[in-house]
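This is the structure I want to talk about, given as structure tokens.
The values are calculated or read from the model by the stated rules, or taken from the named source; none is laboratory data. None of these values were measured; they are calculated from a predicted model. For neighbour counting, all protein chains shown are included, and Cβ atoms are generated from backbone atoms with ideal geometry for every residue, glycine included.
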Amino acid sequence: MKKIIFIISITLLAFNIQAQGTLQFNQVLTFTQDTSFTASNGVTLNETWDIYTVPASRVVKISKAINAIITNDFGCNINNLYFTINGIKTEVPYLEDSWIKAGDVLGTEAHLFSQSGSSSYHCDQYDNIFISLIEYNIIPE
């Protein structure tokens, strides 16, 4: 008998739980940006770009994030481009299908370091990024 009362209690409790709000589709956002730059003769460059900040009372699902890096291989020691959420580096496969909340900042961070020694060492980084977001309004209950 105790087992039946316990199961009925849990079932009734589950039906009484309410969410904090309802999500309502707002818009699809796409961002493309050229983040190309050059370093030469032992120079290290670190660049960051803030692309999008989630507005208040909204959440965003990241549906697609692509970074296309094309470099010349003459003199590049380090050439990386990362997406960031609130300044924390993320890898593309882990970023897609993620949800971010109001106030979160989606951006990119690039690192470029050219070899030193010859005055002809230079490193060109041609980055193009594409991000597709789905923005939802949070409707309070």
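Please work out which residue is surrounded by the most Cβ atoms within 10 Å (Cβ to Cβ), limiting yourself to region 90-106 and to residues that are modelled with pLDDT of 90 or more and of a type outside the set (Asp, Glu).
Going through the qualifying residues, I end up with Leu106.
Mind checking which pairs have a first residue in region 85-108 that is farther than 18 Å from Thr48 by Cα and a second that is basic (Lys, Arg), Cβ under 9 Å, 6 or more apart or different chains?
Matching pairs, first to second residue: Glu96/Lys64; Asp97/Lys61; Ser98/Lys61; Trp99/Lys61; Ile100/Lys61; Lys101/Arg58; Ala102/Arg58.
If you don't mind, another one. Which of the following residues is more than 14 Å from Ile134 (Cα to Cα), at pLDDT 75 or above and not basic (Lys, Arg): Asn67, Asn77?
Details: Asn77 fails: at pLDDT 75 or above.
Matching residue, one of Asn67, Asn77: Asn67.
Run Phe15 past the list (1) modelled with pLDDT of 75 or more; (2) in a helix (DSSP H, G or I) and report the number of the one that doesn't hold.
(1)
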